[in-house]
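The structure under discussion appears below in the form of structure tokens.
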Amino acid sequence: MALFLVAVVAGYIFYTNPAILSYEYQVLASLALSFARVWLAFAIVTALAFPLCVYLIFKTRQSSKYLLLFQVIASIPATILLPGIAIAFSGFPFSSEFVAFSVFFLSGIWYVIFSILASSRNMPSNILEVKSLFGIRGKLAWKYIYIKALLPGFITGALTAIAAEWNASIVAECFTTAGVGSGTAISCVGTGIGKLLDSTVTSGNLTLMLVALANLVAMILLINTFVWKRMYRNVSKVYG
Amino acid sequence: MSMVSVDQVSFTFPVSGLKIMDSVSFTAEKGEFVSLMGPSGCGKSTLLRIIAGLIRPTAGKVMYLNRQIYGPTLGMSFVFQDFALLPWLTNLENIKLGLSLTTLTDEEKNEKAMELIDRFGLTGFEEYYPNALSGGMKQRVGIARAIASEPQVLLMDEPFSALDELTANTMRSDIMFMLQSKDISVNSVIMVTHNVEEAVELSDKIIILSGKPAHVKDARAVALKRPRNKRGREFIEIVDEVYATIAKE
């Protein structure tokens, strides 16, 4: 119902203002590219963070020690490293893509690790005894223990990490000297929602900015409803 | 030949250096139900885990059918006080975990686990998660998981103490019935308990451990006929004697 209402309002606006409709195409293209960057970065974060957490929790059995370390690291905003990253990649082909990707990666990974480690404290305490007693190893251990034991923490971490990545997109996709210097772009991707928002501020195109923001908000709400909330419901049925 | 023999087992915590067990020796013979008793914190549960191969003793050894134990073996299984079911697996999958070390195919494991589901009165609950079950039913899943691989020896760590008295009573008679009717592969049981009546009701032998560091204070045979009458004079006398031995300094 809500979706239908939004569609009707949007349709009316596009119908009466063809200019906004052309903005909409531009925004959707930017959003799609940023979406791809954010989720690709997240996929790589998962591929690295998940096995690392399994190792720390089940092999070293001292995850609480590392938890503090990751809490401290997670508190450092990735954007603070942006100048360093921009310099490191300058001169490479597609350097701006690598810069954006690095910032996304660093914005997300600590939340995933930190959330999984924190939630592992709620695991049944004799799970390692059960594992050793019944000789659950290798593929079976991944299927029956590791993935499922860490899933609730992973979902919380994923949600936070992706939020942090979207948050970082405004600087990651277009890094300029505005505010401290002439405003020249140091590292700017071709297309992306972060870059688009940045350029609307510079050019003063408030209409385009509003369209971009409305789309961003709509996308986040849709993902929350159809991905995260659904996952939470499924998980709390079993673990609750 | 003893089913299990615990030979001069000592245990010292590696980090704190605290010695909690000093030269503990006893055996569990074929067909014997052995209870381990002692003041709380004396290391009964640690001893049971050493027997299971989950913890290595600092000194001494545990033999299962005359072979030294270095880690968990298919011949001995374990029932936990708090059930230790994996909450994210269905009851059927939890029981199947007990078959991980066997060479059965997945289909055979399913078949076997379903058979146990039926035998333990869990029919209809196989696709549910453990959080939908009562305490007594959870422990049934725990016991089914433990005996799935047809072990000879069952190690139980206060298996009935998390259950209400009525449920615990039923479970005790069910277990005893299964053992006596040779319905299951298990022929020796070692159970940790702090409930003296329970120990006298079930055991052929009660091992009483002293406090820190634990050593065997008394090994007492219980020769009463089964099924045992908990109100009988002899039963009450044995209960009193066991209480007295535990309390004695």
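The values are calculated or read from the model by the stated rules, or taken from the named source; none is laboratory data. Just so you know, these numbers come straight off a predicted model, no measurement behind them. We place every Cβ from the backbone using ideal geometry, glycine too, and count neighbours over all the protein chains shown. Only protein heavy atoms, including side chains, enter the accessible area calculation; ligands, DNA and RNA are left aside. Shrake-Rupley method; radii C 1.70, N 1.55, O 1.52, S 1.80 Å.
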Check: Which whole-Hz couplings ³J(HN,Hα) result when phi for each residue of the range A:195-210 is put into the Karplus expression 6.51 cos²θ - 1.76 cosθ + 1.60, θ = phi - 60°, listed in order with x for Gly and Pro?
Finding: 5, 4, 4, 4, 6, 5, 5, 5, 7, x, 7, 5, 4, 4, 4, 5
Next item on the list: Would you mind checking which residues have amide H under 5 Å from residue B:222's amide H? H placed 1.01 Å from N; only 5 or more apart, or other chain.
Entry: B:205, B:206
Next item on the list: Read phi for every residue in the range B:32-39 and hand back ³J(HN,Hα) as whole Hz from Karplus 6.51 cos²θ - 1.76 cosθ + 1.60, θ = phi - 60°, with x for Gly and Pro.
Entry: 8, 10, 10, 10, 10, 10, x, x
Check: Over 23 Å between Cα atoms, which of A:59/B:112; B:30/B:109; B:30/B:182; B:19/B:44 qualify?
Finding: A:59/B:112; B:30/B:109
Next item on the list: Hey, could you get me the Stokes-Einstein D for chain A, Kirkwood radius over alpha-carbon pairs, 10 °C and 1.306 mPa s, rounded to whole µm² s⁻¹?
Entry: 79 µm²/s
Check: Any residues in the range B:34-78 that have 10 Å² or more less accessible area with all protein chains than in their chain alone, probe 1.4 Å, and which are they?
Finding: B:49, B:54, B:72, B:77, B:78
Notebook entry, point to check: Over the protein assembly as shown, what percent of the accessible surface lies on carbon and sulfur atoms, probe 1.4 Å?
Noted result: 61 percent
Next item on the list: Give me the Kirkwood hydrodynamic radius of the protein assembly as shown, using the inverse of the mean 1/r over all pairs of distinct Cα atoms, in Å to one decimal.
Entry: 26.9 Å
Check: If you take the accessible area of B alone, add that of A alone, and subtract the area of the pair, what total do you get in Å², probe 1.4 Å, to the nearest 100?
Finding: 2000 Å²
Checklist line | Within chain B, helix-based [θ] at 222 nm, where runs of 4 or more DSSP H residues each add -39,500 (n - 2.57), nearest 500 | finding: -10000 deg cm²/dmol
Next item on the list: Using a 10 Å cut-off on Cβ to Cβ distances, tally the other chain neighbours for every residue of A:118-129 and report the average as a whole number.
Entry: 3
Next item on the list: Kindly tabulate the residues in the range A:147-163 with an accessible-area decrease of at least 20 Å² between the chain alone and the assembly of all protein chains, using a probe of 1.4 Å.
Entry: A:148
Next item on the list: Give the accessible surface of chain A per residue, rounded to a whole number of Å², with probe radius 1.4 Å and ligands, DNA and RNA excluded.
Entry: 53 Å²
Next item on the list: Once you have a ≥ b ≥ c as the square roots of the Cα gyration tensor eigenvalues for the range B:185-237, tell me rounded if a/c is under 1.5, and otherwise prolate or oblate according to whether a/b is larger than b/c.
Entry: oblate
Notebook entry, point to check: How much length is gained if the chain between residue A:7 and residue A:236 is pulled fully straight, taking 0.36 nm per residue apart and subtracting their Cα-Cα distance, in nm to one decimal?
Noted result: 79.2 nm
Check: Which order do B:104, A:150 take by accessible area at a 1.4 Å probe, largest first?
Finding: B:104, A:150
Check: Within chain A, which is the longest segment containing none of the trypsin sites (Lys or Arg not before Pro) that sit in a DSSP loop and have at most 13 other Cβ atoms within 10 Å?
Finding: A:138-240
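Please compute the Kirkwood hydrodynamic radius of the range A:143-240 from all pairs of different C-alpha atoms, in Å with one decimal.
It works out to 16.0 Å.
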